[in-house]
Each structure stands twice: as structure tokens, then as C-alpha cells.
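Handing you this structure, nothing more for now.
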Amino acid sequence: MKKLSLIMLMMTASLVNSFAQTPDAIFNKFYQSTGGLELWKKVKTYTLKQSFVANAVTDYDMEVKASVTDKAMLKTKTIMKRSFIYGVSNADAFLKIPTGSRDVTTVYSVKDLSDKEQANMRREVSDFLLPFLNYQDKGYIATYVGLEGKFYHIELAGKDIKYDLYFDNATSLLSKLKYKLSSGEEITQEYTAYTTTDFGIKFPSSGTYYSSIDKKNVKLTNSIVFNPTFDATVFKR
């Protein structure tokens, strides 16, 4: 009888804890576990280097240079030793496409990004950092869905984007991020390790990446530097 009472008490406590959660409470625990909200708010620029590896010809590297303050980004995607360069700022939005043979100096064909591509890149400037940082200023709505296994599930919805965020209830770290783009593509990123940067923020350093278009799990590696100084011409075509 005592054993049954103890089990019921534990179940009740778990249920109460689950219903007591709010998105902001869970976000705040994440900030506390990764360096503190004040440190996150001090991020003005960043360089993010990513590798997407599945031991296939489609493997690629990506380098992102972003200014949160200026809402500008330069994203370079390198696949098969050819780099495609996407840029967006308040004044411009472009794509540079490599042309010609790989054994000579690369010549780029430049075109304007579509309105949808521009909007997506401008969202990425801050969302690559953290989609829920200053989420209300972005017009996002956060909803606590519930405790699923050992993960707190939060839905974060905005115009043309919806995130499903899964936080480990023991470490408070973001363990899985799912989102659906306006194009219909669904992306899932799962994080298996975090590393503390020189800036003091703990950031996901490895995990997996899955796209509903490619339909295969890819090994993801991240390396980030906070508040680097960029040359004034970085975000210009």
C-alpha cells in the first residue's frame, strides 16, 4: 500500500510539474544552462561554420557570417569544391553562382534573390543563433505543448515558419529542433553535444540533420565565434 501511494505521489508530482511549465520558464532555464540571458543579449555578430556529412557526393560545408545589429548575412555553401554565396542586407539580396571550370579562377554569375528567399535569409540572421531569443519582438507565439518522455515540447510559430523545440528536462538544453519552411520542406536537427565557446556561451557542437527533401540523416558539426569584427564590404555583392 505504501509503495502504491509513493508511485501515485510521484506521478502526481510529475503531472503538476508538467502543467506548471511555461515557454518562458523553459527558455530561461536554457539561458541559465548556456551562459545566461545577458550574455546572449550581448551577441551582435557571429560566424558559424557547419559541416553536413553523409559520406556522399552531396556532402557540403557552410559558413555563415551575420550581423544581428544590421540584420545582414553572408552564407557560403561549398559543395564539390564549388561555393555558392548568398547575401542579404537592408539594401540588397543576392546569390553568386560559380561558373566555368573548377581548375581556373572562379567567375560568378550574380542574380537577385526572390522576395521569399530574402525573407527566409533575414529570418535566419537571428534564428540561426536562437529562434526563441527575443521571440516576441519577431512576432512569434510560443506555446507549451507538454512533457513528451524526458523532453519539454514547445511550439514556436510565426509568419511562414513553425518550430517544434524539445528541451531536455534534466539539463534544460535544447535537444531537438524541427521546423517547416514556407516551401513545405521540413528540417530536423538533433544535438548530441554542446561546447562552451571562448565568449562563454554554450552552443551545440554536433548532432544530426534531416531534410524532408533529401530524406537522409546527415552528421552535423558546428563551430561558432561570437562578436567577430567584419569588414564593411562583407555583406555587399
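The values are calculated or read from the model by the stated rules, or taken from the named source; none is laboratory data. Everything numeric in this text was worked out from a predicted model, so none of it was measured. Because the Cβ atoms are built from the backbone with ideal geometry, glycine has one as well, and the counts that use them run over all protein chains shown.
On the given criteria, is Val125 crowded, with 18+ Cβ neighbours inside 10 Å and either closer than 26 Å to Ser205 by Cα or touching a Lys or Arg at 6+ places or on another chain (Cβ under 6 Å) (or both)?
yes
Let me ask you something else. Scan segment 14-24 and give yes if some residue there is at pLDDT 50 or above and within 17 Å of the chain's Cα centre (by Cα), otherwise no.
No, because not a single residue in segment 14-24 is at pLDDT 50 or above and within 17 Å of the chain's Cα centre (by Cα).
To continue, here is another question. Cβ-Cβ below 7 Å, separation at least six or inter-chain, first residue in segment 140-157 and within 16 Å of Ser172 (Cβ to Cβ), second at pLDDT below 95 and among the hydroxyl-bearing types (Ser, Thr, Tyr): which pairs?
Leu147/Ser18
Mind checking which strands (runs of 3 or more DSSP E) fall wholly inside segment 106-192 and carry at least 1 residues that are over 29 Å from Asp92 (Cβ atoms) and aliphatic (A, V, I, L, M)?
141-148, 151-158, 161-168, 174-181
Residues of segment 18-71 being loosely packed, with under 15 Cβ neighbours inside 10 Å, of a type outside the set (A, V, I, L, M) and assigned to a helix (DSSP H, G or I), which ones?
Answer for segment 18-71, where residues must be loosely packed, with under 15 Cβ neighbours inside 10 Å, of a type outside the set (A, V, I, L, M) and assigned to a helix (DSSP H, G or I): Ser18, Phe19, Asp24, Asn28, Gln32, Glu38, Lys41.
Hey, can you tell me all the residues within segment 198-207 that are surrounded by fewer than 19 Cβ atoms within 10 Å (Cβ to Cβ) and either free of Cβ contacts under 8 Å to residues at least 12 places away in the same chain or over 15 Å from Tyr31 (Cβ atoms) (or both)?
Asp198, Ser205, Ser206
Which of the residues that make up segment 154-175 are of a type outside the set (Asp, Glu), touching a strand residue (DSSP E or B) at 6+ places or on another chain (Cβ under 7 Å) and either surrounded by 18 or more Cβ atoms within 10 Å (Cβ to Cβ) or under 16 Å from Thr34 (Cβ atoms) (or both)?
Answer for segment 154-175, where residues must be of a type outside the set (Asp, Glu), touching a strand residue (DSSP E or B) at 6+ places or on another chain (Cβ under 7 Å) and either surrounded by 18 or more Cβ atoms within 10 Å (Cβ to Cβ) or under 16 Å from Thr34 (Cβ atoms) (or both): Ile154, Leu156, Ile161, Tyr163, Leu165, Tyr166, Phe167, Asn169, Leu173, Leu174, Ser175.
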